[in-house]
Amino acid sequence: MAVNKGNRSPVESFSDMVKEFGEAISKIFSDPELKKKAKDFAKSTEDSAKAFGKRFKDEGVKEKFGDFGKAARDFGNDVAAYFKDDKDKGEDISQKEYEWEKKLDEKMKNFGEKTKKVGQEIGSKMEKVGDDVNRYFKDSRCGRITGYSFAIMWSVVFLVLFNFYSKYIAYYSYDGIWHRHEILTANFSQWLPIVTTALAVSVVGNILLIIYDGYFFRQIIHIVLNLFGLAAIISLLTIFPFDFTVFPRDLTGILNPIVIVVLILAVIGTSIDTIVRFVKMIVNAAKAS
């Protein structure tokens, strides 16, 4: 019965192929001539193995293997000595590196101590210079007049800036031409009269101090100037005429609290200075009487 190979599955075809391959192998190994050749090859191999084994019993062969063993032993000793030398060399190098690092650490330590000493000396000298400068401006008539002059100069600068050039207090960007983005809002006009008054009082007060700066008069003028300064700072904090959204990235969330904190610190510092001056003036007045 003929089998229709066109309707057979791949699995059935593969099974037939394996079966035919097995039959071919079976025929090859059942060939009498092949069996004879294989028997001859096996006998030849057995004879060769016996001859090879017999050679190990010969004195010459034993001597050669003895020489080989001795050479191998000498080779092993040489290798061990070589690596031992390398180890010793490595230990020597490690010791030298350790000594070098130790010396470097000592030098760095000495350098650090000298740097610290020099820094302390410089800091001490700078502190002394600062004390001398502060004493000059505080205790000497010429120093105080210099301070009053600087206060007048800066008051005039801010008077002119706030009243005539406040629009230039802005953020500037450039994309072929310059653009000005004003930081101050329309509420700045509410704060302008207050700061103008405070700056004008500062100019007048410092001019009076240049003319005469007796202790009690100086303390009273400074207290008055501090009060006007407090009024200007507190009103600026209340009105807060700033718009930081004009920056490339809206920095309102960062700059608003920073400016507020700075203004609050200025209020606290000015208040403390005012109180200290007032208490000192009362104590000195009590001592004088």
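Every number in this text was worked out from the coordinates using simple rules, so none of it is lab data. Just so it is clear, the model here is predicted, and its values are computed rather than measured. So basically every Cβ, Gly included, is an ideal-geometry build from the backbone, and we count neighbours across all protein chains shown.
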Practice problem: Figure the gain on full extension for Ile275 and Phe217 (residue separation times 0.36 nm, minus the Cα-Cα span) and round it to one decimal in nm. | Solution: 19.3 nm
Quiz item: Put a dot 7 Å past each Cα toward the Cβ at Asp105 and Asn163; how far apart are the dots in nm?
Solution: 6.9 nm
Quiz item: So how much slack lies between Asp175 and Gln190, counting 0.36 nm per residue of separation and subtracting their Cα-Cα distance, in nm?
Solution: 2.0 nm
Exercise. Obtain the nm distance between the two label points defined at Lys117 and Val224 by a simple spin-label model: each point lies 7 Å from its Cα along the Cα-to-C-beta direction.
Key: 5.5 nm
Quiz item: What order do you get for Ile268, Ile177, Ile207, Ile221 when you list them from fewest to most C-beta neighbours inside 10 Å?
Solution: Ile177, Ile268, Ile207, Ile221
